[in-house]
């Protein structure tokens, strides 16, 4: 079974049957994957506003109608309640359960937000011969809290979380160009080469994910990270919040290249 | 008084004192101007969702907190109630009044949407030596209803309105490149050269604005137009809707070039 060559609808059907409960990296290659955040409607306007004001960490790909589990723009045949391999249920800001579908948690006033993820620009980097260290080392990307404040929206506020990829000096300009093409999936970096300038004191101790090797002649480059909206939403301690489990994304019908602005 | 060289805050102060009640084209050159749509909070989520789903006609630059007249992201010193030269008041979808400030219409549950306008990309076209016909002819840009449906969001739905600029054949590719740099202000064209393909039967009779000359060797090129969200909002017949009067924009503190993605 070559999951990399599956069509998105085949991959989602496999996931819906609980035949794939692992991370989705590499599944249905070339198709865009999305982060999921589900909140009740009474928080939805403020959260959408937060995303609109902070497009680098929170690139909105789709928002469902209240009560509808169908992401009409990115995958009109999909169902966000069943088509991701793993979900996390948070009550009042506490993780209470990890499940493979959320049918029994669904309510009439839930709104699902699908946010762009870094898989898209990492794929573009690889196609341009730019190494992606955490993929080489088979671990999660290192993520750090910064002291860059997000723009507040209603109850939602907090610092930006960034992901870091060490880039060979000779490739830094190309890495900026390549990722700038994809503003819908975090876009250009937010910092090049100076972690302290954004409040990161220890590169060996990421706040999320795993540390990776920075080789001689490589520069740490930082991108706004999709963990930001989850971290910010958590602080509000919503009665109910549902997210994908890290790495267990929704596979959309849209191709990565369709998000390139030029 | 050289209004083109004014700083945004100077221009807004002049407008606030009602010393400038004309269109803002050419005022505070190089700074981004924005369309205004004000709705009550109960429609705000659906309208923001509509904009998010239709970014080409509805490029959101800023959304105020409910009840606040301050556009914090684009002009934190501005007040949307006084800083535009002319406003239109709509009640239940009908234009009832045109005024130079909206202080007495302001309510605690109003939300102001600031949307990107074509002035930004027209300025970029001119800098690239691409002619802009309606500026040459001193009239309004011709706008047409199409049969391209917008993506529905709650009560908001309807066809896309486009603006048309005749471009010399030799400049069409460059016009696509130049405007693609500015996705936050309508971005790349939606159609090149075939009005009937998008449901436009008579180029001499625009639905809004004025007809312009299409010269020998020129191609009509169509861009998504900021009239779309107003037209769509009007169909919902909201109890109260306030917009800028056509051409009478908010001058923001951001420079046009800051919206270039590359």
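Given a cut-off of under 8 Å on Cα pairs at least six residues apart, what relative contact order in percent is computed for chain A?
On the way: 587 pairs, mean separation 80.7, N = 262.
The value is 31 percent.
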Checklist entry - residue B:196 versus residue B:96, label points 7 Å from Cα toward the beta carbon: distance in nm? => result 4.5
Item to check | Closest approach to the axis - chain A beta-carbon, rotation onto B, Å | outcome: A:45, 2
Checklist entry - Under a GNM of chain A (C-alpha, springs under 10 Å), which listed residue has the highest mean-square fluctuation: A:159, A:131, A:76? => result A:76
Next on the checklist: Between residue A:128 and residue B:258, what's the calculated FRET efficiency when r is the beta-carbon distance and R0 is 35 Å? Round to 0.05.
Outcome noted: 0.85
Next on the checklist: Over the Cα atoms, compute the radius of gyration (one decimal) and Dmax (the largest Cα-Cα distance, rounded to a whole number) for chain B, in Å.
Outcome noted: 17.6, 54
Checklist outcome for this item: Ranked from fewest to most other Cβ atoms within 10 Å of their own Cβ, B:53, A:22 fall in the order A:22, B:53
Next on the checklist: Just to confirm my numbers, what's the Cα centroid distance between region A:77-119 and region B:168-225 in Å?
Outcome noted: 42
Item to check | Inter-label distance for residue B:151 and residue A:1, nm, one decimal - labels placed 7 Å from Cα along Cα-to-Cβ | outcome: 3.0
Item to check | Cα gyration tensor shape for region A:191-262, rounded if a/c is under 1.5, else prolate or oblate | outcome: oblate
Checklist entry - Who wins for biggest fluctuation among B:134, B:186, B:248 in a Gaussian network model of chain B, springs between alpha carbons below 10 Å? => result B:134
Checklist outcome for this item: Label points for residue B:204 built 7 Å along Cα→Cβ; distances to same position in the other copies, nm, shortest first, come to 7.9
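How big is the protein assembly as shown by the Kirkwood estimate over distinct Cα pairs, in Å?
Numbers: mean 1/r = 0.0412 Å⁻¹.
About 24.3 Å for the protein assembly as shown.
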Checklist entry - Relative to the other copies, what are the label-point distances for residue A:129, with labels 7 Å from Cα along the C-beta vector, expressed in nm at one decimal and sorted shortest first? => result 3.4
Item to check | Cα-projected label distance for residue A:77 with residue A:19, points at 7 Å along beta-carbon direction, nm | outcome: 1.5
Checklist entry - Going by a ≥ b ≥ c, the root eigenvalues of the Cα gyration tensor, does region B:1-87 fall in the rounded group (a/c under 1.5), the prolate group (a/b larger than b/c) or the oblate group? => result prolate
Item to check | Listed residues B:86, B:127, B:145, most fluctuating in chain B (Gaussian network, C-alpha, under 10 Å) | outcome: B:127
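With the Cα gyration tensor of region B:103-152 giving a ≥ b ≥ c as the square roots of its eigenvalues, does the rule (a/c under 1.5 for rounded; else a/b larger than b/c for prolate; else oblate) give rounded, prolate or oblate? Walk me through the numbers on the way to the answer.
Numbers: a/c = 2.41, a/b = 1.67, b/c = 1.44.
Prolate shape, in that a/c is at least 1.5 and a/b is the bigger ratio.
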Next on the checklist: Based on the alpha carbons, how large is the Rg to Rh ratio for region B:37-138 when Rh follows Kirkwood?
Outcome noted: 1.02
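Which FRET efficiency value, to the nearest 0.05, is calculated for residue A:41 and residue A:9 with the Förster distance at 41 angstrom and r the Cβ-Cβ distance?
FRET efficiency, residue A:41 to residue A:9: 0.90.
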Checklist entry - Rounded to a whole number of µm²/s, how large is the Stokes-Einstein D of region A:142-262 at 10 °C and 1.306 mPa s, given Rh as the Kirkwood radius over C-alpha pairs? => result 100
Checklist outcome for this item: Once normalised by the length of region B:119-229, the mean sequence separation of its alpha carbon contacts under 8 Å that are 6 or more apart gives a contact order in percent of 35
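Order of A:150, B:225 from fewest to most other C-beta atoms within 10 Å? Before the final figure, lay out the partial values.
Values: A:150 24, B:225 28.
In increasing order of surrounding Cβ atoms, one gets A:150, B:225.
Return an integer: the convex hull volume of the alpha-carbon atoms of region A:127-194, in Å³ per residue.
Working: hull volume 7.9 nm³, N = 68.
In region A:127-194, the Cα hull volume divided by residue count equals 115 Å³.
Laboratory data are not the source of any read-out in this text; all were calculated from the coordinates shown. Remember, predicted model here, so these are calculated numbers, not experimental data. Using ideal geometry, Cβ is built from the backbone for each residue, glycine included, and neighbour counts are taken over all protein chains shown.
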